Amino acid sequence: MKQNPIPGKAALKIVVGSIMAAYGLTLAVYAGFGGATLAISWQVMANMTRLTICGASFAVAVVMLVFVFFYDRRQIHIGTVIYQLFYSGFVEIFSWMHVYSESRIFNFIIMCAGIVVFSFGTGLYDSANLGCGSYEALTFALAEKNDWPVKYVRMVLDMLMVVLGVLCGGCFGACTIVTIIMAGPIIQWTVQKF
């Protein structure tokens, strides 16, 4: 049976959104204000297993996708695979590229801009409706199955990831708090607009 090709606009949203999300996340995390919510768990896993951040990102994604597969597999599609390959790969690439200032204030502004770029990129690839990334698949599965607003589900999941990550030795800071506050609303806005 012949599969329908991925529409060009949707594929572009997934690729561009995945790269934007990876760039924004690494920009925020490496600014020196602690880890973003899910990145805390990657840091812990990387430290415990000798995986790179890319490898840890991919491993955490697999665990989440296994849960989503059994809970609400409608969230998983070809876009899930495309996203994860681009996102994990570009997290690794971008983690080596950033240069920061000596100014903590300027770095804080860079961190906030990174969170906005990450959240917009995440919403952009989610808006393609060809499957979500692992964390978003978990977010949307819980939101849709329980009729909960996406922004609140994301905020609760972010807080849960932070608590678990910090208990295991992850780095908590301003980046963590700003991500919890900003990511959910920006993702929801972007999905609705695009």
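What the table below lists for this structure:
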item: Cut-off 11 Å between beta-carbons: net charge of the residues surrounding L38, Lys and Arg +1, Asp and Glu -1; result: -1
item: The range 103-194: C-alpha pair distances exceeding 16 Å, %; result: 57
item: Cα Rg, Dmax (largest Cα-Cα span) when computed across the chain, Å; result: 15.8, 58
item: The chain, accessible surface, carbon-and-sulfur percent (1.4 angstrom probe); result: 71
item: C168, C112, ranked by accessible area, largest first (probe 1.4 Å); result: C168, C112
item: Chain lengthening between V156 and F172 when straightened (0.36 nm per residue, less Cα-Cα); result: 4.2 nm
item: Positive dipole terminus of the chain, leading residue within I82, I110, L160 (C-beta point charges); result: I82
item: The chain: angle of helix 104-126 to the longest principal axis, Cα-based, in degrees nearest 10; result: 10
item: For the chain: accessible area per residue (Å², 1.4 Å); result: 51
item: Calculated FRET value between F108 and V63, using beta carbons and R₀ = 45 Å, to 0.05; result: 0.90
item: The range 103-194: relative contact order in percent, alpha carbon pairs under 8 Å with at least 6 residues between; result: 46
item: Percent breakdown of C-alpha pair distances by 5 Å bin, ordered from the shortest bin, for the range 12-86; result: 3, 15, 21, 24, 21, 12, 4, 1
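The values are calculated or read from the model by the stated rules, or taken from the named source; none is laboratory data. All values reported here derive from a predicted model rather than from experimental measurement. Positions of Cβ are generated from backbone atoms using ideal geometry, with glycine treated the same way; all protein chains shown enter the neighbour counts. Only protein heavy atoms, including side chains, enter the accessible area calculation; ligands, DNA and RNA are left aside. Shrake-Rupley method; radii C 1.70, N 1.55, O 1.52, S 1.80 Å.
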